[in-house]
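The values are calculated or read from the model by the stated rules, or taken from the named source; none is laboratory data. Predicted model, so just to flag it, every value in this text is computed and none were measured. Areas reflect the complete protein model, heavy atoms only, side chains present, ligands, DNA and RNA absent. Shrake-Rupley method; radii C 1.70, N 1.55, O 1.52, S 1.80 Å.
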Amino acid sequence: MPNLMIYRLMPVTPITQGSPMTAALSYFQSRQKLLAFLGTLYVVFLLLSHWQLPKAHVWWIAGVFSIIMNFVYIKEARALRQFVCVEALIATLLIVLSVLGALWYPPLVIAAIFGHGCWDIAKHLGAGVPFLSWYTLSCFAVDTLYSGALLLYWIS
């Protein structure tokens, strides 16, 4: 009987719950290209919608895009069955702020988008469900720039 040897091409990393980027990311880890594509599409549609639609729709557009961006981490938390309550609580808070901002007081939308960027940095440092480092940093950059642009628009 031949001697069968199994070679490992990559070292095995122990999975520890709660440490950043060491847990297997069940949904988006295997779909990084899809995630990058959808993230890029999100930013392109965001820019096009503000560029093409009347200025009266600025806060509605911002509110809708702010709501959409909150579902990525909930999807991952549900797939991993970790931190579902934390992710749902943060997302719910940011979604409520976005809706109130679109309907009543625009700085709340700005706060929701900036708050999402802050949550991205917290996730990069290990809070909540573990997520891809490149995504959290990119999302932080987009959220910060977008909330800053909206703040300048609001005060002008």
**Message:** Relative contact order for segment 50-156: what percent, with Cα pairs under 8 Å and sequence separation of 6 or more?
**Reply:** 24 percent
**Item:** Share of carbon and sulfur in the accessible heavy-atom surface of segment 101-156 [1.4 Å probe, %]
**Value:** 79 percent
**Item:** lysines with Cα under 18 Å of Lys123, excluding same-chain neighbours fewer than 8 positions away
**Value:** Lys75
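Which of rounded, prolate, oblate describes segment 94-156, given a ≥ b ≥ c as roots of the alpha-carbon gyration tensor eigenvalues and a/c under 1.5 marking rounded, otherwise prolate only if a/b is larger than b/c?
Values: a/c = 3.61, a/b = 1.79, b/c = 2.02.
It is oblate, given that a/c is not under 1.5 and a/b is not larger than b/c.
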**Prompt:** Taking a ≥ b ≥ c as the square roots of the eigenvalues of the Cα gyration tensor of segment 75-128, is the shape rounded (a/c under 1.5), prolate (a/b larger than b/c) or oblate?
**Reply:** oblate
